[in-house]
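Here's the structure, in structure tokens; my notes come after.
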């Protein structure tokens, strides 16, 4: 890999900064060379002169010496003049990596960096930009193909925190092993316990009239994940809102393929549309109203999620 003598990784997402930093070090130094080739400097314990001395130390058993200074905002601020001089004449065998929360473009140091090194800016992408970012990360970090559809499903299940999404891709890449493509089936297998999958399974059992299975799946949600009490209402509401929108489109004559595309439906689409055939728009709307009431009662301490949602499921089974 070709490299520059200085890298600045700037951004406020600590987890993503760490991932980007690790990826950069992995590209610069092989694991067996890091004992002698990498100096991880604690800015609270080392001086700027220590850092510069390390950069100018001839590498041993490797062709370059990497000096990493994390959380370097204060370090940069206090040693700006020394760093400016180093940026003018960086050591050819040393590579300096600084991670900072901000890197103002108007400073003399920032202007010098454009000639001496590279700025890697970490910004939280807009929601619609996440799938492309995730696909790029899967390819760059793991040489895996992650389709837009699969990336969208991952965002839906995990949320929009980029660091957490990167972490899930790391796990999926290991799970996929020697397979080149990370698929929806991999996601379903690895995080199939996710509240959205489980909520779908409960609703499916309710609509099919399988009372025992519905209650068993619901209780399993609470038993396996302690956070379910905080997320279960949202998970059920998510599915019912999607059902409501899909049913409304179907009633207007929109075909199922267009509905799936419009609402970004993934996974088992056949099962989803099979659910819709068994319920009316009015029934779905009533369920959304019940969930809104449950949400209010939970937040005001009038009930708890486990009891309220189980009562809802029993009521749905009886209707």
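The values are calculated or read from the model by the stated rules, or taken from the named source; none is laboratory data. Not measured: the values here are computed from a predicted model. Methodologically, a virtual Cβ is constructed for each residue, glycine included, from the backbone with ideal geometry; neighbour enumeration extends over all protein chains shown.
Odds and ends about this structure:
- If you filter region 226-255 down to residues that are over 30 Å from the mean Cα position of the chain (by Cα) and part of a helix (DSSP H, G or I), you find that the one that is surrounded by the fewest Cβ atoms within 10 Å (Cβ to Cβ) is 251.
- Per-region count, region 100-117, residues touching a residue at least 60 places away in the same chain (Cβ under 8 Å) and either within 19 Å of residue 13 (Cα to Cα) or exposed (fewer than 12 other Cβ atoms within 10 Å of the Cβ) (or both): 4
- Positions within region 72-99 being touching a residue at least 12 places away in the same chain (Cβ under 8 Å), out of contact with any helix residue (DSSP H, G or I) (no Cβ under 9 Å at 6 or more places or on another chain) and more than 19 Å from residue 118 (Cβ to Cβ), in sequence order: 74
- For region 1-17, the criterion of being free of Cβ contacts under 8 Å to residues at least 40 places away in the same chain and loosely packed, with under 14 Cβ neighbours inside 10 Å is satisfied by at least one residue.
- All conditions but one from (1) more than 16 Å from residue 287 (Cβ to Cβ); (2) assigned to a helix (DSSP H, G or I); (3) more than 16 Å from the chain's Cα centre (by Cα); (4) without any contact (Cβ under 8 Å) to a residue 40 or more places away in the chain apply to residue 178; the one that does not is (2).
- The condition (being assigned to a helix (DSSP H, G or I), in the same structural domain as residue 291 (by TED's automatic domain parsing), modelled with pLDDT under 85 and surrounded by 14 or more Cβ atoms within 10 Å (Cβ to Cβ)) is satisfied by just one residue among 205, 213, 199: 199.
- Residue among 226, 269, 278 that alone is farther than 30 Å from residue 128 by Cβ and at pLDDT below 80: 226
- Some residue of region 98-106 being outside any helix (DSSP H, G or I) and more than 30 Å from the chain's Cα centre (by Cα): yes
- Residues satisfying the stated conditions in region 282-319, i.e. farther than 22 Å from residue 231 by Cα and surrounded by fewer than 15 Cβ atoms within 10 Å (Cβ to Cβ): 282, 318, 319
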